[in-house]
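First the structure, in the form of C-alpha cells, and then the observations on it.
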Amino acid sequence: MTAPLPETSATGTATVVADAEIPVPGKTIEGRSPWRIAWTRLKRDKLALGGGIVVLLLVLVAIFAPLIVDLLGHPPNEYHEDQIDPLFGTPKGSWGGINGDFLFGVEPVNGRDVFSRVVYGARVSLLVAFLSAVVAVLIGTVLGIVAGYFGGWVDTVVSRVMDALLAFPQLLFIIALISVVPNELWGLTGSGVRMAVLIAVIGFFGWPYVGRIVRGQTLSLREREYVEAARSLGAGRTYILFRELLPNLVAPITVYATLMIPTNVLTEAALSFLGAGVKPPTSSWGQMLSKAVNTYEGDPMFMVIPGLAIFVTVLAFNLFGDGVRDALDPKGSR
C-alpha cells in the first residue's frame, strides 16, 4: 500500500490524506446482497446450524423412507409374534426388544418394527406440516398484502375475518370434520383423504397469523419512496403489490414459515393421538403415542421413542427458525 500523501490547505498547513481515500491497485470493493449477509450471520449461530442439519436429515429420512427401511428395518406393517412374550404381550428382552435386527425394538402385542414405523411416521408428520404451512403462507400473504395496501373497507373485512378465525376452535372443528369426511374424496382414499383434510384445515386456520404480519409490514412499506416512484411512473396495482412490495416481505414470511412448521407437527401429532389423524395401519407418531398409553407400564420404550421423535423434530425446527429470524432481522432480536 502506498504511503499517505501530504496535502496543503488554504492556510498553508500540511494535512495527510487517509489511507482509505487512496485506491489500491488490483483491489475491488465487492458488494454483498442482504441474503448473503444473512447467511454470514446464520453461519455464526452454531445452534441454528445444528437445528438446520437435523431438519435436513429429517427431510431426507422422510423422502427416502422406503430405502432406509429396506436397509435397516422390516416392513412397517409386518407382524413378528416371535419377538413378543406370549404371556404378557410385551417385547422379549430389555429396552422394548431393541437388538441388532430391531433398532428401536418392536411394538407390544403384534411385534411390528418400531424403527420402520417411526421412519414412515416422519413422512406423514413432515408432509402435513410443510404443505399446511405452504397453504397458510400463500393465503396469508395474498390477503395480508391486499389488506395492507388498499386499506379502507378491504382492510376492515380481511381483519375481521382474521379475528374470527383466530377465535375459532381449530382442533374441535377438525375432529368434527374428520368424522363426516367420506372414504373417497378428490381421487384419494383412506389415509390420503385424511391427510388432505388435515393439510387444508390446518393451513386454512393458520393463514391469519401470516396475514397479520404481512398486513403490518405492508402498511409501513406502502409509503416508501420506491412505491411512490413506481406509482408516479404509472405502475399498476398488481405490479406494485407483487413486484415492489412482495420482494421486501420475503424475509418476515420466511421467518414465520420456519416457526409455523413445528407448530403444525405438534398439531398433527395431537390430532393423530385423538384419533382424527391418518387411518391405521398408516404410521404416525401421534398414533403410536396413543397406542402406548395402554402399554407404557410394561413397555415404556414404545412411548419414549415416538415422543423423542416429536421432541427432536420440534426442537430442531425452533432452533433453526430462531436462527433464521436473528439472521434476517438482527435488530428485532435484541
Relative to the longest principal Cα axis of the chain, at what angle does helix 250-273 sit, 0 to 90 degrees, rounded to 10? 10 degrees
Using the Karplus equation 6.51 cos²θ - 1.76 cosθ + 1.60 (θ = phi - 60°), what ³J(HN,Hα) coupling, rounded to whole Hz, does each residue of the range 202-208 give in order, writing x for Gly and Pro? 4, x, 5, 7, x, 5, x
Out of Arg194, Arg237, Arg215, any idea which swings most in a Gaussian network model of the chain, alpha carbons joined below 10 Å? Arg237
Please list, in order, the residues from the range 49-63 whose amide nitrogen is less than 14 Å from a point placed 7 Å along the Cα→Cβ vector of Val312. 51-62
Area of Leu126 that stays accessible when all protein chains are in place (1.4 Å probe, Å², to 10): 10 Å²
What list of ³J(HN,Hα) couplings, whole Hz, do you get for the range 92-106 from phi and the Karplus terms 6.51, -1.76, 1.60, once you set θ to phi - 60° and write x for glycine and proline? 6, x, 8, 6, x, x, 5, 7, x, 8, 10, 5, 10, x, 10
Once label points are set 7 Å from the Cα along Cα→Cβ at both Val134 and Thr189, what is their separation, rounded to one decimal in nm? 2.5 nm
Quick one: how many Å² of Phe168 are accessible to a 1.4 Å probe, rounded to 10? 100 Å²
Among Val181, Val158, Val197, the residue with the largest mean-square fluctuation in a Gaussian network model of the chain built from Cα contacts under 10 Å is Val181
To the nearest 0.05, what FRET efficiency results for Ala235 and Leu60 with a Förster distance of 45 Å applied to their C-beta separation? 0.55
Not counting the cut sites, what is the longest span of the chain without GluC sites (Glu not before Pro) that DSSP labels loop and that have at most 14 other Cβ atoms within 10 Å? 79-222
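The values are calculated or read from the model by the stated rules, or taken from the named source; none is laboratory data. The shown structure was predicted, so the numbers you read here are calculated from the model rather than taken from an experiment. Virtual Cβ from ideal backbone geometry, glycine too; neighbours counted across all protein chains shown. The area values use the complete protein model at the heavy-atom level, side chains included, leaving out ligands, DNA and RNA. Shrake-Rupley method; radii C 1.70, N 1.55, O 1.52, S 1.80 Å.
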